[in-house]
Amino acid sequence: MRRAVLLVVSVAMLVVWVFPVLWGLVTSVKTERDVLAYPPTIVFEPTAVNYHDVFFGGASIVPNLVSSLVVSGLTTALTMLFAIPAAYALARLDLPFRRATGFWVLATQMLPPVGLVIPYFLLLRRAGWTDTYQGLVLVYLTFALPFAIWLLVSYFEEIPREMEEAALLDRAGRLRALWYVILPQAKGGIAVTLIFVFLNSWNEFLFAVVLGGNTVRTVTVAMFNFISLEQTQWGRLAAAAMVGMAPVIVLGLIAQKHIVKGLTLGAVKGGGRR
Amino acid sequence: MSAASVSLAGIVKRHGAVTALDGIDLDVAPGEFFSLLGPSGSGKTTTLRILAGLEQADAGTVRMNGKDITSLEPGARDVAMVFQSYALYPHMTVRENIAFPLRMVGVSNEEITHSVQEAAARVRIEHLLERKPGQLSGGQQQRCALARAIVRKPALFLLDEPLSNLDAKLRVETRVELKRLQRALNVTAVYVTHDQEEALSLSDRLAVFMDGRVVQVGTPEEVFSRPATVEVAGFLGNPPMNLLPARLEDGRATVEGSLISLPSLSGLGRREVTLGIRPSAVRIAAQGLPATVTMCEALGEDFFVDLIVGECLVRAKLRGEERPAERSRVRIELEPRALHVFDRETGLRL
């Protein structure tokens, strides 16, 4: 009985989640006429024309994919570079205001992004960094870093202190203890953090559309361009969405195991930081 | 490998308002197996961690071979430590674990292979080198931790309750082996334990810790047979020494309203004392202190008898004699030569 209920609930949830994706997938292989047909056609002749357009046509999103990759890749790399040492320090060193720092790092996440768009825009314009990669990456860092630090701290705290004490006595020194003993043990947490940061910047739209301008157009912004006042190109939009989603799905599958663990760990340990 | 001498002088350690160590002075001779024994929270592990350099003392100096190492980093001290939890690196194989301290100082691969093999052989885990710590039993993990500690041939070997996670049988076996290993390597060892049996059987000398102070240092025999304070007397022995308040006057003691004659103590004059007597030195006799038997517990050849004398509980360890019935009234005799006398006020041995 319980199994049956569980099954029904799971299937229901799956349908709710999968439906838009499937609808998008179906739309992406329909011609414009089939898309607009009413009632919706169930049986139709699939076409690859939307994908062809999206990759090779006048509105190719390939440059946008490259932009997204550059922005997300740089954001992820820089975030990890700064977040790992910061989280390690917060988890381990006896610094004054350690707890308060941990809280305020997280508190920056409480600001609504939309309230920050205009200040960021003004700041970047003054610096001459609107429409630039460095501008957008810098802004993404301000969101990604606190999140990554907060997530990583809980992973580092899980590792017994005796690990690095043993490494220190084994003459490793702080940095090598971190590199050889702590980081390998926090591998799962680092993978989760890395993927979350990458996905967040890959999927980001608001800041990209406002601050990226015409030079830095990420794939989310490009998708938006298939919607115009006169016409929405549903087929191409769906194809672009499918292409843009692909890396997300691949990463998700690779990291599935870690992500589930990471989510629950964050949930349990987030509030209970020492 | 040359064994180091170690000395602590005036070590003070505070955690906020709590004084964890209150002026520790200790001298450990080269090659000695030295135990820090005490109840939990008495400061023995903190002392060990200060020796290792994992914690800094608030005052006092740590010397190794006469050299001041008080502010030296752990890695610069030539000490190896076995942690209570073993602290094996879970992502490395046993071989990599043991090799780690050598890799960190750039020893050649060839030499590492050789040294790892030798250390593993010493603790008989050569056949487990390719496993991960998670695939080892508790005893094997403990050996792996030992091998990692001895592979670099340290001058000082620190052990923090290394046997406490093993089952009783393995603990006794490993104890013997640990001692043999220390002797074979001729290394100074400082060993923390709350298990007096371990401390008494392993140590050349030991220090008894109470409330952040060292209350007695000596060989196991000395500490056991001549406890310096009433606290040590009450801590050592299983079961520990019986402690009875008494009034001493002209070679006679008044214990719970009864007089016993103790001519050997006539030199102590007139004062309030605590008399200590080991359970094995209490006998049931025709004369002596009146007592009521509350419980009899057989332990193979011996049996323990709980007696109430006045308001005090006295445990006696008897052998071969007739077993007294519970709730019977008997008289007990305290063997005069086995009596320990402590000042009631200061707790010091008289």
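Numbers at a glance
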{"item": "All helices (runs of 4 or more DSSP H) inside segment A:108-180 with 2 or more residues being within 30 Å of A:G212 (Cα to Cα) and within 23 Å of the chain's Cα centre (by Cα)", "result": "A:114-127, A:133-158"}
{"item": "Any pair with Cβ under 7 angstrom, 6 or more apart, that starts in segment B:318-330 at a residue that is closer than 16 Å to B:A291 by Cα and ends at one that is of a type outside the set (A, V, I, L, M, F, W, C) and part of a loop (DSSP other than H, G, I, E, B)", "result": "B:V330/B:P324"}
{"item": "Search result, residues across segment B:226-251 that are among the small types (G, A, S) and surrounded by 17 or more Cβ atoms within 10 Å (Cβ to Cβ)", "result": "B:A228, B:A233, B:G234, B:G237, B:A246"}
{"item": "Hits in segment A:146-179 - residues which are touching a Ser or Thr at 6+ places or on another chain (Cβ under 7 Å) and surrounded by fewer than 21 Cβ atoms within 10 Å (Cβ to Cβ)", "result": "A:P146, A:P160, A:E162"}
{"item": "Residue satisfying all of: in segment B:74-115; part of a loop (DSSP other than H, G, I, E, B) and facing another protein chain (nearest Cβ under 7 Å); surrounded by the fewest Cβ atoms within 10 Å (Cβ to Cβ) among these", "result": "B:V105"}
{"item": "Residue in segment A:62-74 that is closer than 26 Å to A:V243 by Cβ, assigned to a helix (DSSP H, G or I), in contact with a helix residue (DSSP H, G or I) (Cβ under 8 Å, 6 or more places away or on another chain) and at pLDDT below 90 present", "result": "no"}
{"item": "Every residue from segment A:203-218 that is of a type in the set (S, T, Y) and surrounded by fewer than 23 Cβ atoms within 10 Å (Cβ to Cβ)", "result": "A:T215"}
{"item": "Residues within segment A:188-237 that are over 26 Å from A:F121 (Cα atoms) and of a type outside the set (S, T, N, Q), tallied", "result": "12"}
{"item": "Lone unmet requirement of (1) surrounded by fewer than 19 Cβ atoms within 10 Å (Cβ to Cβ); (2) at pLDDT 90 or above for B:H194", "result": "(1)"}
{"item": "Out of A:G73, A:G57, A:G24, sole residue that is closer than 24 Å to A:F143 by Cα and either surrounded by 12 or more Cβ atoms within 10 Å (Cβ to Cβ) or of a type in the set (G, A, S) (or both)", "result": "A:G73"}
{"item": "Condition broken by B:G218, with the remaining ones in (1) in contact with a helix residue (DSSP H, G or I) (Cβ under 8 Å, 6 or more places away or on another chain); (2) without any contact (Cβ under 8 Å) to a residue 40 or more places away in the chain satisfied", "result": "(1)"}
{"item": "Lone qualifier among B:A286, B:A291 - being in contact (Cβ under 8 Å) with a residue 40 or more places away in the chain and surrounded by 11 or more Cβ atoms within 10 Å (Cβ to Cβ)", "result": "B:A291"}
{"item": "Search result, residues across segment A:154-170 that are of a type outside the set (D, E, K, R) and in contact (Cβ under 8 Å) with a residue 12 or more places away in the chain", "result": "A:S154, A:Y155, A:F156, A:I159, A:M163, A:A166, A:A167"}
{"item": "Residue, nearest to the other protein chains (Cβ to nearest Cβ), within segment B:133-159, restricted to residues that are without any contact (Cβ under 8 Å) to a residue 60 or more places away in the chain and assigned to a loop (DSSP other than H, G, I, E, B)", "result": "B:V151"}
{"item": "The one condition in (1) within 12 Å of chain A (Cβ to nearest Cβ); (2) small (G, A, S); (3) surrounded by 15 or more Cβ atoms within 10 Å (Cβ to Cβ); (4) without any contact (Cβ under 8 Å) to a residue 40 or more places away in the chain that B:A120 fails to fulfil", "result": "(1)"}
{"item": "Checklist (1) of a type in the set (A, V, I, L, M); (2) in the same structural domain as A:I149 (by TED's automatic domain parsing); (3) touching a residue at least 40 places away in the same chain (Cβ under 8 Å) applied to A:L81, failing item", "result": "(3)"}
{"item": "Single residue of B:V217, B:V176, B:V223, B:V187 found to be crowded, with 22+ Cβ neighbours inside 10 Å, over 28 Å from B:V314 (Cβ atoms) and in the same structural domain as B:L146 (by TED's automatic domain parsing)", "result": "B:V187"}
{"item": "Residue within segment B:36-47 that is within 14 Å of chain A (Cβ to nearest Cβ), hydrophobic (A, V, I, L, M, F, W, C) and closer than 14 Å to B:Y191 by Cβ present", "result": "no"}
{"item": "Matching residues, segment B:160-209, being among the β-branched types (V, I, T) and in a loop (DSSP other than H, G, I, E, B)", "result": "B:V187"}
{"item": "Some residue of segment A:39-46 being in a helix (DSSP H, G or I) and loosely packed, with under 10 Cβ neighbours inside 10 Å", "result": "no"}
{"item": "Residues satisfying the stated conditions in segment B:225-277, i.e. at pLDDT below 85, hydroxyl-bearing (S, T, Y) and touching a Leu at 6+ places or on another chain (Cβ under 7 Å)", "result": "B:S258"}
{"item": "Condition check for B:G66: crowded, with 17+ Cβ neighbours inside 10 Å and either within 25 Å of the chain's Cα centre (by Cα) or more than 10 Å from chain A (Cβ to nearest Cβ) (or both)", "result": "no"}
{"item": "Looking only at segment B:299-312, and only at residues there that are of a type in the set (A, V, I, L, M) and under 27 Å from the mean Cα position of the chain (by Cα), the one that is surrounded by the fewest Cβ atoms within 10 Å (Cβ to Cβ)", "result": "B:L299"}
{"item": "Hits in segment A:188-206 - residues which are farther than 29 Å from A:I159 by Cα, outside any loop (DSSP other than H, G, I, E, B) and either touching a residue at least 60 places away in the same chain (Cβ under 8 Å) or in contact with a Cys (Cβ under 8 Å, 6 or more places away or on another chain) (or both)", "result": "A:W202, A:L206"}
{"item": "Sole exception among (1) crowded, with 17+ Cβ neighbours inside 10 Å; (2) more than 10 Å from chain A (Cβ to nearest Cβ) for B:E130, by number", "result": "(1)"}
{"item": "Failed criterion for A:P112 (all others in (1) closer than 29 Å to A:A186 by Cβ; (2) surrounded by fewer than 18 Cβ atoms within 10 Å (Cβ to Cβ) hold)", "result": "(1)"}
{"item": "Some residue of segment A:166-173 being in contact with a strand residue (DSSP E or B) (Cβ under 6 Å, 6 or more places away or on another chain) and over 28 Å from A:M223 (Cα atoms)", "result": "yes"}
{"item": "Residues that are in contact with a Phe, Trp or Tyr (Cβ under 8 Å, 6 or more places away or on another chain) and within 22 Å of B:S201 (Cα to Cα), drawn from segment B:231-274", "result": "B:A233, B:L236, B:G237, B:P239"}
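Listed here are the residues, each with its yes/no results for (1) more than 30 Å from B:Y89 (Cβ to Cβ); (2) within 14 Å of chain B (Cβ to nearest Cβ).
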position: A:L122; (1), (2): yes, no
position: A:G135; (1), (2): yes, no
position: A:I149; (1), (2): no, no
position: A:L152; (1), (2): no, no
position: A:E165; (1), (2): no, yes
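The values are calculated or read from the model by the stated rules, or taken from the named source; none is laboratory data. This structure is a prediction, so every number in the text was calculated from the model and none was measured. Don't worry about glycine lacking a Cβ; one is built from the backbone with ideal geometry, like all the others, and counts go over all protein chains shown.
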